[in-house]
Amino acid sequence: MTCAPTAPATPRRPGSRLQALDATRFAAALAVVLYHWTSWHHGEWDGGDTVALEIWPVLGRLSSLGSLGVQLFFMVSGFVILLSALGRSPARYLGSRVGRLYPAYWVAVLLAGLLLFVLWPEAGEGRSPVQILTNLTMLQGALGGGQPHLDGVYWTLWIELKFYATVLALLLLRWTTPVRLLAFAVLWPSFGTALWWAARGHAQASSTVSHWLFPEYSALFAVGIALFLVHRHGGTPTRWAGVAVTAVLAVAWSTRIQVRETMATTGLVVPWWVVAGVGTAMVVWVAVATVGPAARWHVPGAAAAGALTYPLYLHHQLWGWWLIGRLTPILGPRPTLIVTLALVLVWSAFVHRWVERPLGPRLREGASRMFERVPGLGADPLRPGGPTSPSGPPDGAGGRAV
């Protein structure tokens, strides 16, 4: 396999932003919000007797595929995390991830605890306040079923953390040349899928493969990695073949998961070809937004909207359901949907301005200095840095509750 560097496919000014990705992240987050509020059978619209689709028969059917926003975010993450990682030492890379993820997340966990154990105890039935402490680590996904997520959407963060660990391994192994990165992007999901297929008749074996290699989602990250290589080093037949292989795997896995989960969470039967078509369109759009003409777009307000994505993701589900249950008897469904969305967006802007912006850089620097004391993590970066990522990586923003 040869991938001789060529001129970048989309020449851009150093430090310029991919504003189309900012807008994409925000649109994907809104799709996830509408899925959880108007399609998911949470029953808060009338006190629990009627599922959301009966209140929103048209919007709910359109938003039933909004949970695919998580696949879109994972693809974007594969792209922007490479932008974030290359050109930094492993310690600085880890520090950047800590500073990006934890400030808003800690606020979300503490507020989820307040909601579940004080304001809405019936929703927290069967949970223990001790779970607040385990959730604050963001590692509850590694602790087994005894320590569940306080808010179901946190599950995507565990997948993101495993991807970050994978990128860290690439940095430590110096597997960061274009040829090696492309080989990894293709082999990682292919090998995981092959192992899962071989073990599919054995629950323990397939669970182990899913835990360590997460083939259900690795191809999505791999699509982003392959597109990053096209963006950074130019499009060659080999690199575009890598995009194609990872895209086929990503769409196949997403279709398999989405058809089943849409039925389980909404009761709707969505044809597989519809899901596959939407998944394919998402891959095409991410390519257009990163290496196509949209990479040069100036989108007014995109950076500000992108900055709200992560706080919006963290707070929208439980607090949205709680607000819906309290406001609907007073306002009715349509005004409640508008008011609830406005409140959650305002709160997301508050968290970004007063939590992420002041605390994120401090936590990043402190964590970087701590990691630099670990032998091997403070080594000089292997490659020069590239263009800045769009308002930070999505870091699991958007997702489905399970």
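The values are calculated or read from the model by the stated rules, or taken from the named source; none is laboratory data. Note that the structure is predicted; figures quoted are calculated from it, not measured. Cβ coordinates were reconstructed from backbone atoms using ideal geometry, including for glycine residues, and neighbour counts include every protein chain displayed.
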Total residues in the stretch 135-188, condition crowded, with 16+ Cβ neighbours inside 10 Å and not in a helix (DSSP H, G or I): 7
Residue within the stretch 94-114 that is over 17 Å from the mean Cα position of the chain (by Cα), small (Gly, Ala, Ser) and either surrounded by fewer than 22 Cβ atoms within 10 Å (Cβ to Cβ) or over 20 Å from Tyr310 (Cβ atoms) (or both) present: yes
Meets criteria (touching a residue at least 24 places away in the same chain (Cβ under 8 Å), assigned to a loop (DSSP other than H, G, I, E, B) and closer than 30 Å to His41 by Cα) for Val270: yes
In the stretch 119-131, residue surrounded by the fewest Cβ atoms within 10 Å (Cβ to Cβ) [restricted to those that are in a helix (DSSP H, G or I) and modelled with pLDDT under 95]: Val130
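Quick check on the stretch 106-144: of everything there that is touching a His at 6+ places or on another chain (Cβ under 8 Å) and touching a residue at least 40 places away in the same chain (Cβ under 8 Å), which residue is farthest from Trp212 (Cα to Cα)? If you could, list the steps in order and put the result at the bottom.
Initial filter on the stretch 106-144 (touching a His at 6+ places or on another chain (Cβ under 8 Å)): 108, 111, 135, 140-141.
Applying the additional criterion that residues be touching a residue at least 40 places away in the same chain (Cβ under 8 Å) yields 108, 111.
Working: Ala108: 27, Leu111: 31 Å.
Only one residue fits best here, namely Leu111.
Test Arg25 against the criterion of being basic (Lys, Arg) and surrounded by fewer than 22 Cβ atoms within 10 Å (Cβ to Cβ), and give yes or no. Break it down stepwise before answering.
Details: basic (Lys, Arg): yes; surrounded by fewer than 22 Cβ atoms within 10 Å (Cβ to Cβ): no.
So Arg25 does not fit the description; no.
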The stretch 226-246, subset assigned to a helix (DSSP H, G or I) and not hydrophobic (A, V, I, L, M, F, W, C), residue surrounded by the fewest Cβ atoms within 10 Å (Cβ to Cβ): Pro237
Among the candidates Trp354, Trp347, residue that is within 20 Å of Gly69 (Cβ to Cβ), assigned to a helix (DSSP H, G or I) and at pLDDT 95 or above: Trp347
